[in-house]
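Colleague: The structure is given below, and queries will be raised subsequently.
The values are calculated or read from the model by the stated rules, or taken from the named source; none is laboratory data. It should be emphasised that the depicted structure is a prediction, and the values quoted were computed from it without experimental measurement. Quick reminder, even Gly has a Cβ in these numbers, built from the backbone with ideal geometry, and neighbours come from all protein chains shown.
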């Protein structure tokens, strides 16, 4: 009896202490779990890393920001001007910006930083920059070796967050691991690889981009980013208050999350496409009619409704809808049309057999359908298989891990595959369809003279942004006319948060969840 | 005598380690896929890819690559991770403490509880107790770790809120993972202890001890236990290597870093130097465990060191 009372008393005290602590914690803290795709970063060194997560954008600011509509916004650069021949770019820089170590950000900081990329895996980002000239304290000029209309896109990437030159040089290998210096709204307090990153507010911050409402220091004093690889565990953490925000929620989790009273979900337009590449060198897909028919068999709208509960959008060409190069001649967009698909197959000599599988020269229309392991593509691949059956094509599914499947592609052992990409720039067309990358990334195994010419024009001859858009649009249209793939789905990027703990602005500005959103986040009083 | 035995046993580790390093290297490099595809990004050119292959020496014959790796290894240089962009030794050093804490505690927990349960189950006269322990052993040996981990989280972290759901901060984050991993270990150790004790009890010398009128407790602690511990020590020694890398699924569910998680991530990205470094560490741990087990057995039983001399 005495023990019982004592225990009760003790737990009562514990509860009071806990209550006290949690009000204190409510003050100005938030913990955020990374999306599964950004786990495993080993460093916050933007210059040398191959993998950076969203916390990086809080430590470093970029010269330029990109919004969800793909437009560019000033940040550390207040304005910029591109020479008419594309051979130089002049940036005016924001005054009064300081790094976390107190040193000033100015034109020299930019001139010191760009050459650091040389010899690194990220060198291609500034591959067209021949040199950087300091015009005055707040003006810097990029002298180009060739026009690079895509420069702003690169400058807005996480890899081009500006590090403090003094700390970068003095810390060497340890920069980004034991410490990091940027101009961002948060400072790196601690980084435990594979576990968590703790950031504390930069009280001096007064140079946010116009993507944030809050132009001063962040409302949150402390942000903890956590790595939770298992989605079920991450969900339970969110439910029990172990984390406040969960990034990159898989679409199949949305229904479960929406049922929780304290959880709110924000859907951002995604930055990628799920699609089915067609190997043009593997029979029967060497026949363009069979390829076109395959595309017409897929019912994008039905897939969005049945697998994704209406979340996200159907994809009818290779690029995300917010890119101007996605606005192609409507007749080239790929949409469901069973009658036309069947007519094309008949025309190509494939006649319907008694068992619902088409036959030509005694051989059935039976193909291999590859996909990657992981829940993301499992149900999608099964539905694609069922839809292909509607035109008399029998597809056999094989599942590989992500590294092995690339080996299959490179060895030309594939016919159809269900896969996805995440990239908000039209140069993804070069990546997946360039004749110099057959196998992987060019899973379609497409090598074509006219295609390569259009690719070269788009990649190398575009002098300015308008020309680049026109050139990539022409390339995109030609790619579509060759029926090299079937567009399927544009996923959304989903963010879930505990609305009893924090407020997250909706819509989220920018192409991804980054510093502009965290600046506007507040704790629920 | 024993020292001599230890010396020769330890000497054997050198040729064994070298052959293991060859096997590890070949398996890792013959896997389909390569690290460069996990390193390059959209926007880089095919030439960049070729330059990286040259930079990391992946275009050289496997034999040359092997000797470069093992040569550096002999100088204590684990090399530089290709995809993870950090020295392999740093990555291992960062993950090792998490594995050692979790694995070490789970090892201690499963050894102590396992031996106690095994002894109870072998010596009790109550069929109920025996049934319960045997049921526990059966459950522990068959329940998958990830499933048990999720059940533990749902019950102790979500319902009762006694422990955090995941993470690796503070002692309380260790409780559920240690219990999850330890559960299987307890069952194994208990099963081996039980069988060994039951076998030992059938030996003639035990009948003699009973006939001499020695109390049952004295026979158990003084004669049966030392005899029965031989197979238990063997099993425990084999599990020493497993301490380091055996907790991958549990690390995954509880969101803990560790050598196992590092290995799986690096394997997925075909980050050769990291995979090789981790596998070699695990192999060494297993070999050391076996050595410790052999030495312990030799120390406990003179017949073994005599026979192997």
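Colleague: Got a sec? Which of A:249, A:162 is buried (at least 24 other Cβ atoms within 10 Å of the Cβ), within 21 Å of the chain's Cα centre (by Cα) and either under 27 Å from residue B:163 (Cβ atoms) or within 13 Å of another protein chain (Cβ to nearest Cβ) (or both)?
Modeller: Being buried (at least 24 other Cβ atoms within 10 Å of the Cβ), within 21 Å of the chain's Cα centre (by Cα) and either under 27 Å from residue B:163 (Cβ atoms) or within 13 Å of another protein chain (Cβ to nearest Cβ) (or both) holds for just one of A:249, A:162, which is A:249.
Colleague: If you scan region A:99-138, which residues turn out to be under 29 Å from the mean Cα position of the chain (by Cα) and closer than 16 Å to residue A:167 by Cβ?
Modeller: The answer is A:99, A:100, A:105, A:109, A:110, A:112, A:113, A:116.
Colleague: Name every residue in region B:110-158 that is closer than 20 Å to residue B:247 by Cα, more than 14 Å from chain A (Cβ to nearest Cβ) and part of a helix (DSSP H, G or I), in order of residue number.
Modeller: Hits for region B:110-158 are B:110, B:111, B:112, B:113, B:114, B:137, B:139, B:140, B:141, B:142.
Colleague: Related question: Filter region A:114-145 down to the residues that are out of contact with any strand residue (DSSP E or B) (no Cβ under 7 Å at 6 or more places or on another chain) and either free of Cβ contacts under 8 Å to residues at least 40 places away in the same chain or under 14 Å from residue A:93 (Cα atoms) (or both) and list them by number.
Modeller: Within region A:114-145, A:115, A:118, A:119, A:123, A:125, A:126, A:127, A:136, A:137 qualify.
Colleague: Could you grab me the full set of residues in region A:60-93 that are crowded, with 20+ Cβ neighbours inside 10 Å and more than 19 Å from the chain's Cα centre (by Cα)?
Modeller: A:63, A:75, A:76, A:77, A:82, A:86, A:89, A:91, A:93
Colleague: Suppose the filter is within 29 Å of residue B:178 (Cβ to Cβ), within 14 Å of another protein chain (Cβ to nearest Cβ) and surrounded by 15 or more Cβ atoms within 10 Å (Cβ to Cβ); does residue B:86 pass it?
Modeller: Considered against the rule, which asks whether it is within 29 Å of residue B:178 (Cβ to Cβ), within 14 Å of another protein chain (Cβ to nearest Cβ) and surrounded by 15 or more Cβ atoms within 10 Å (Cβ to Cβ), residue B:86 comes out as yes.
Colleague: Would you confirm whether any residue within region A:329-337 is in contact with a strand residue (DSSP E or B) (Cβ under 7 Å, 6 or more places away or on another chain) and closer than 30 Å to residue A:71 by Cα?
Modeller: Yes; the residues of region A:329-337 include at least one that is in contact with a strand residue (DSSP E or B) (Cβ under 7 Å, 6 or more places away or on another chain) and closer than 30 Å to residue A:71 by Cα.
Colleague: Cβ contacts < 6 Å: first residue under 20 Å from residue A:50 (Cα atoms), restricted to region A:177-194; second residue at pLDDT 95 or above and in a strand (DSSP E or B), any location; separation 6+ or different chain. Result?
Modeller: A:180/A:188; A:191/A:197
Colleague: So for region A:277-294 (the condition being in the same structural domain as residue A:386 (by TED's automatic domain parsing), closer than 30 Å to residue A:357 by Cα and in a strand (DSSP E or B)), does at least one residue qualify?
Modeller: Yes, region A:277-294 contains at least one residue that is in the same structural domain as residue A:386 (by TED's automatic domain parsing), closer than 30 Å to residue A:357 by Cα and in a strand (DSSP E or B).
Colleague: Next question, about the same structure. Out of the residues in region B:261-283 that are over 20 Å from residue B:250 (Cα atoms) and under 15 Å from the mean Cα position of the chain (by Cα), state the one that is farthest from the other protein chains (Cβ to nearest Cβ).
Modeller: Filtering first and then ranking leaves B:283.
Colleague: Spot the failing condition for residue A:276; the list is (1) buried (at least 23 other Cβ atoms within 10 Å of the Cβ); (2) farther than 23 Å from residue A:418 by Cβ, and only one is missed.
Modeller: All conditions pass for residue A:276, except number (2).
Colleague: Condition first: in contact (Cβ under 8 Å) with a residue 60 or more places away in the chain, within 13 Å of chain B (Cβ to nearest Cβ) and part of a loop (DSSP other than H, G, I, E, B). Now tell me which residues in region A:431-454 satisfy that.
Modeller: The one that is in contact (Cβ under 8 Å) with a residue 60 or more places away in the chain, within 13 Å of chain B (Cβ to nearest Cβ) and part of a loop (DSSP other than H, G, I, E, B): A:443.
Colleague: Only residues that are touching a residue at least 60 places away in the same chain (Cβ under 8 Å), within 13 Å of chain A (Cβ to nearest Cβ) and within 30 Å of residue B:289 (Cα to Cα): list them for region B:8-57, please.
Modeller: B:28, B:29, B:31, listed by residue number.
Colleague: So which of B:286, B:232, B:295, B:253 is surrounded by 18 or more Cβ atoms within 10 Å (Cβ to Cβ), within 14 Å of another protein chain (Cβ to nearest Cβ), in a helix (DSSP H, G or I) and in contact (Cβ under 8 Å) with a residue 12 or more places away in the chain?
Modeller: None of the others qualify; the one that does is B:253.
Colleague: Turning to a different aspect of this structure: Only one of these conditions is not met by residue A:343: (1) part of a helix (DSSP H, G or I); (2) loosely packed, with under 15 Cβ neighbours inside 10 Å; (3) within 14 Å of chain B (Cβ to nearest Cβ). Which number is it?
Modeller: (3)
Colleague: Of everything in region A:110-127, what is surrounded by fewer than 20 Cβ atoms within 10 Å (Cβ to Cβ) and not in a helix (DSSP H, G or I)? Give them in sequence order.
Modeller: Within region A:110-127, A:118, A:119, A:120, A:127 meet the criteria.
Colleague: May I ask you to verify whether residue A:307 is over 17 Å from residue A:390 (Cβ atoms) and either in contact (Cβ under 8 Å) with a residue 40 or more places away in the chain or buried (at least 23 other Cβ atoms within 10 Å of the Cβ) (or both)?
Modeller: No; evaluated as a whole, the condition is false for this residue.
Colleague: Return the only residue of A:133, A:196, A:173, A:189 being in the same structural domain as residue A:104 (by TED's automatic domain parsing) and crowded, with 18+ Cβ neighbours inside 10 Å.
Modeller: Within the list A:133, A:196, A:173, A:189, the selection yields A:196.
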